[in-house]
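Only the coordinates and a few stated rules stand behind these numbers; no lab work does. Owing to the predicted nature of the structure, the values given are computational and were not obtained by experimental measurement. FYI the Cβ positions are ideal-geometry reconstructions off the backbone, even for glycines, and counts take in every protein chain you see.
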Amino acid sequence: MGEYGTGPGEQAIRTTVALDGDGTDIARARHLAAEFLIGARDEHGLRVSRRGVDLTQLVVSELVTNARKHAPGPVLMALRIDGDTVEVTVWDSDPVLPEARAADPGRVGRHGLEIVRAVAQHFEARAEPVGKRVTARIALTEDPSSGAVPRGRTR
């Protein structure tokens, strides 16, 4: 489930999946993200906290939901571990870049981008020749002394 070797002496762990819009995309993407992180921990000895897995699944859920809601056609999701973070990238065919709305505690729903920006260390949305690419970077652990997710468990 990974691809290796991005730089001298560095190992990149990454995966990409096409989501076709069959109604199970969001749950499937969340599950794949958890499997990816647990696999990185188990196979490569990386520190991955329960919080890191949970936040990654939250970000994946929000980004894939937005892509499915606003763009026709397939969605691509890529996950890449870079040092002590996981980079979540979602591509869709809609060229309109997402914009965070002003905070409004009375608004029901439509808080996904606010949530992603609040939990991510980095957020970026870029126009592509076709559609857009939205990327968020999430910490794998809260700090070096945080507890890792026990083997075989994601929650």
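Apply 1/(1 + (r/R0)^6) to the Cβ-Cβ distance of Thr65 and Glu43, taking R0 = 35 Å, and write down the FRET efficiency to the nearest 0.05.
According to the calculation, E is roughly 0.75.
By how many nm would the segment from Ala27 to Asp82 lengthen if fully extended, with 0.36 nm per residue of separation less the alpha-carbon distance?
Value of the extension gain: 17.4 nm.
Taking a cut-off of 18 Å, what percent of all Cα-Cα pairs in the stretch 13-139 are separated by more than that?
When every Cα pair of the stretch 13-139 is considered, 50 percent fall beyond 18 Å.
Evaluate the stretch 68-124: find the radius of gyration of its Cα atoms, find its Kirkwood radius, and give the ratio Rg to Rh.
Here the Rg-to-Rh quotient is 1.00.
Mind ordering 37-50, 120-133, 85-98 by average Cβ neighbours within 10 Å, highest first?
The packing order, highest mean first, is 85-98, 37-50, 120-133.
Take every Cα pair under 8 Å in the stretch 13-139 that's 6+ residues apart, average their separations, divide by the length, and report that relative contact order as a whole percent.
So the answer I get is 26 percent.
To the nearest 20 Debye, how big is the dipole of the stretch 13-139 about its Cα centre, given +1 on the beta carbon of each Lys and Arg and -1 on that of each Asp and Glu?
Value, rounded to 20: 240 debye.
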